[in-house]
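Engineer: One structure is given below, represented as structure tokens, and several questions about it will come after.
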Amino acid sequence: MGVIIWAGVPSTSVGVVVERYPAQPGPSRRIDTIQVPGRNGDLVIDQGAWDNYGQDYEVYFRAGAGRTPEAARIVRAWLMRPQGYQRLEDSYDPDFYRMAYYQGPADIENAANLFGRMTITYTCKPQRWRKDGEQAITLTAPKTLYNDLFPALPKIRVYGSGAGTFYIGDQWAEISDIDGYVDIDSELQDAYKDTTNKNATLTLKDQTFPALEAGENSIRWDGGITRMEIIPRWWTI
């Protein structure tokens, strides 16, 4: 029997067990289609993104004689207390996690007032993040990182002093004022040190925050940069 970990809390802590292996749905590519009079087929405009999708889990919980309503309230609180996107993990794909939200309704079947059964449907972001992509990779010399998944938007900590430039493949980022370190978050499109905004010190090729593209990514630096730490955020769909 399987386990869901929702917002850091395992389903077993509220007595919920996954009854059967869940389906493995995936996102739809976000595209626009245009029909042109006199032209066969559609024109396709790819927005370069994917839509959210639903993930169902068929679950049950034991309640004891006459206690299904009480147990149902505990299960609903576990599901609905977290607000917005939360971390979703399960025992069926333990190397990955997703970000999801639960909207409900939490409709629970009462079986003989002894246990409950329901289908939990989470709304998931399209990405499945690999857990090892949360670990920082320390670089003290030029190195090549290989990405066998989708282009990733890393968090990069640059150490040093003064000005320096780092390169990831054919991308580059120039930092005019490094005071110990600067964090560059490509997902948030932000540069900062602690609570101090550092965007004014950052110049980017084509005004684009660096990504770890699929395949080989050669990383090097010059100037006042002494080392780098990269949290790659590997992901797939």
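The values are calculated or read from the model by the stated rules, or taken from the named source; none is laboratory data. In this text the structure is predicted, and so the values were computed from the model without any measurement. Cβ: placed from backbone, ideal geometry, glycine included. Neighbour counts: every protein chain shown. To get the accessible areas, we keep the full protein, side chains included, count just its heavy atoms, and leave off ligands, DNA and RNA. Shrake-Rupley method; radii C 1.70, N 1.55, O 1.52, S 1.80 Å.
Engineer: Please report the net charge: other residues with Cβ closer than 11 Å to the Cβ of PRO151, K and R +1, D and E -1.
Structural biologist: 0
Engineer: Restricting to DSSP H runs of at least four residues, report the calculated mean residue ellipticity at 222 nm for the chain, -39500 (n - 2.57) per run over all residues, nearest 500 deg cm²/dmol.
Structural biologist: So the helix-based figure for the chain works out to -1500 deg cm²/dmol.
Engineer: While we're here: Which of PRO151, PRO37, PRO69 ends up with the largest GNM mean-square fluctuation for the chain, with Cα atoms connected below 10 Å?
Structural biologist: Checking each option, the largest mean-square fluctuation is seen for PRO37.
Engineer: Whole number please: convex hull volume per residue, Cα atoms of region 178-237, in Å³.
Structural biologist: Looking at region 178-237, the number lands at 122 Å³ per residue.
Engineer: Same structure, new question: State in Å² the accessible area per residue of region 29-159; use a 1.4 Å probe, count heavy atoms of protein chains only, and round to the nearest integer.
Structural biologist: 58 Å²
Engineer: Please identify which residues in region 65-86 have an amide N closer than 20 Å to a label point set 7 Å out from the Cα of TRP50, following the Cα→Cβ vector.
Structural biologist: Under 20 Å, as judged by backbone N against the label point of TRP50, lie 85-86 of region 65-86.
Engineer: Sticking with this structure for a sec: Of all the accessible heavy-atom surface of the chain, with the other protein chains kept in place and a 1.4 Å probe, what percent is carbon and sulfur?
Structural biologist: Working: 6070 of 12880 Å².
Of the solvent-accessible surface of the chain, carbon and sulfur hold 47 percent.
Engineer: Here's another thing I want to ask about it. Output wanted: per-residue J couplings in Hz (rounded whole) for region 180-196, from phi through Karplus 6.51 cos²θ - 1.76 cosθ + 1.60, θ = phi - 60°, x for Gly and Pro.
Structural biologist: Each residue of region 180-196 in turn: x, 7, 9, 9, 10, 10, 6, 6, 7, 6, 8, 10, 6, 10, 6, 9, 9 Hz.
Engineer: Roughly what angle does helix 68-80 make with the longest principal axis of the chain, taking Cα atoms, 0 to 90 degrees, to the nearest 10?
Structural biologist: 10 degrees
Engineer: Also, quick follow-up: Among residues other than TYR167 whose Cβ falls under 14 Å from its Cβ, what is the net charge (Lys/Arg +1, Asp/Glu -1)?
Structural biologist: -3
Engineer: Here's another thing I want to ask about it. For every other residue with a beta carbon closer than 13 angstrom to the beta carbon of VAL59, add +1 if it is Lys or Arg and -1 if Asp or Glu, then tell me the sum. Walk me through the numbers on the way to the answer.
Structural biologist: Working: positive: ARG20, ARG62, ARG76, ARG117; negative: GLU19, ASP56, GLU58, ASP90, ASP107, GLU109.
The answer is -2.
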